[in-house]
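See structure below.
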Amino acid sequence: MRKCVIWDLDNTVWDGVLLEGEVTPRPDVLRILETLDRRGIVHAIASRNHEPATRAALVRHNLDDWFVARRINWQAKPMNLRSISEELRLSLDALVFVDDDAFERAQVNWALPEVETVDARDVVGLLDELDPGVVSAEARRRRTLYREEACRREAAQTQSRQAFLDGCGMEITVRPMEATDVERVLELMSRTHQLNTTGRIFSRDEVVEQANILVASLRDRFGDYGTIGVAISEGGLLSYLAISCRVMGRGVERALLATVLDRAALLKDTGTNRAMRVLYQMSGLVAGELQPDGTQVFAVGSGPRPTVPSWIEVHA
Amino acid sequence: MNHADQVSRAVHGHLMANYLPSGTAPLVGDDNLFDAGVLDSAGLLSLLAWIEEEFELDIPDDHLVPDNFSSITRTTSYICARRAELEESRCANA
């Protein structure tokens, strides 16, 4: 699923070339920025330009706030796209790249075939293409969430890792799903691929009828992430666990596993969720036999149980 | 300098350069990388990809256990042992 549109600037977001004179933002692009933003799809910039002049122009035209990541430099666009995908923790196949220059698009197609490229003249098609259907409160706030994340990264630059994590004040709350959580649960289930233990697709009815669904939310001193995890625990077996990839890299998945795990947990290899196998095995769970349906039960072994990292407080 | 020292220094350098902001206190070989917040499951996945390429070996799923990867010391021992194992099977096949 495409989650981020990366825009060229000259003759794409705006008409004209900045270094040759004044530019005018395209009204059709403004409408797309706003509409997709409301749907939880974020925007970023990859522009070959002079950075200070470009930043000033973005602010002058009230464009700056729409973008969660910027690469304004003279490097090749594929390098900048890769670096944005790492910063936002999105896979390359979650990216769309818009540029008026056929050479730039071809270069991206060649170097990063997973990225979808769109001619700047054809951007109106993005409105139909990028429509996730389900739009949760988290989705509408996604741009803010990414911008808070950028503040966290800046804070991380000045401290040691452990001190930084300790100082983040991370708190996870785990509670049973309520009716108002259904949209977000469906969205997490459909958007989460890397940190998803089975990849099972649930219909709305199945979610509503499924007993024992737990939802987890995360906040820290920088802000509130909202609901970031879904777990289903039935008769001692953790049959489903999905965690937003936005919160990777800080021990959240280990904290959640330690909290919701009873005796065993289910895994089904989906081709994209090896991180969950790593999580189970590195947490000391012991793999059972691979079943004909591709599932595998991991049981709590004789060693220590998984523990919540010291820098995370869990309310359950 | 023996081979294990070279492997250990390479792993240490890679972690410092790619997993920690500059200026962070150096890691110690026996530190638990997960408890120290250096690695999580996704972080270990990218470390595995680097090890496989850098040391020309493959890491089967059932080797992904704390004994093999929870610290720089353990990771180093694993890499050396796995390389030796693959060397042997190559010789046996030759």
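The values are calculated or read from the model by the stated rules, or taken from the named source; none is laboratory data. All of these numbers come straight from a predicted model, not from anything done at the bench. Here the Cβ positions follow ideal geometry from the backbone for every residue, glycine too, while neighbour counts run over all protein chains shown. Accessible surface areas use protein heavy atoms only, side chains included; no ligands, DNA or RNA. Shrake-Rupley method; radii C 1.70, N 1.55, O 1.52, S 1.80 Å.
Residue-wise test of (1) surrounded by fewer than 15 Cβ atoms within 10 Å (Cβ to Cβ); (2) under 30 Å from residue B:27 (Cβ atoms).
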{"residue": "A:90", "(1), (2)": "no, yes"}
{"residue": "A:94", "(1), (2)": "no, no"}
{"residue": "A:99", "(1), (2)": "no, no"}
{"residue": "A:106", "(1), (2)": "yes, no"}
{"residue": "A:119", "(1), (2)": "yes, no"}
{"residue": "A:136", "(1), (2)": "no, no"}
{"residue": "A:139", "(1), (2)": "no, no"}
{"residue": "A:144", "(1), (2)": "yes, no"}
{"residue": "A:162", "(1), (2)": "no, yes"}
* Applying the selection to the stretch A:256-275, what residues are under 19 Å from the mean Cα position of the chain (by Cα) and either at pLDDT 95 or above or open to solvent by 10 Å² or more (accessible area, probe 1.4 Å) (or both)? -> A:256, A:270, A:271, A:272, A:274
* Structure fact -> Scanning the stretch A:1-37 for residues that are at pLDDT below 90 and either open to solvent by less than 10 Å² (accessible area, probe 1.4 Å) or under 24 Å from the mean Cα position of the chain (by Cα) (or both) gives A:1
* Exclusive hit being more than 14 Å from chain B (Cβ to nearest Cβ), within 12 Å of residue A:136 (Cβ to Cβ) and either open to solvent by 50 Å² or more (accessible area, probe 1.4 Å) or out of contact with any helix residue (DSSP H, G or I) (no Cβ under 9 Å at 6 or more places or on another chain) (or both), set A:180, A:227, A:173 -> A:180
* With the stretch A:51-157 as the region, which helices (runs of 4 or more DSSP H) entirely inside it contain at least 1 residues that are aromatic (Phe, Trp, Tyr)? -> A:102-111, A:142-156
* To do: Can you confirm whether the stretch A:60-69 contains a residue that is in contact with an Asp or Glu (Cβ under 7 Å, 6 or more places away or on another chain) and within 17 Å of residue A:83 (Cα to Cα)?
  => yes
* Structure fact -> Taking the stretch A:302-316 and keeping only residues that are more than 8 Å from chain B (Cβ to nearest Cβ), open to solvent by 30 Å² or more (accessible area, probe 1.4 Å) and either in contact (Cβ under 8 Å) with a residue 12 or more places away in the chain or basic (Lys, Arg) (or both), one is left with A:303, A:304, A:305, A:307, A:308, A:313, A:314, A:315, A:316
* **Any hit, the stretch B:17-31, residues being open to solvent by less than 60 Å² (accessible area, probe 1.4 Å), in contact (Cβ under 8 Å) with a residue 12 or more places away in the chain and more than 11 Å from chain A (Cβ to nearest Cβ)** => yes
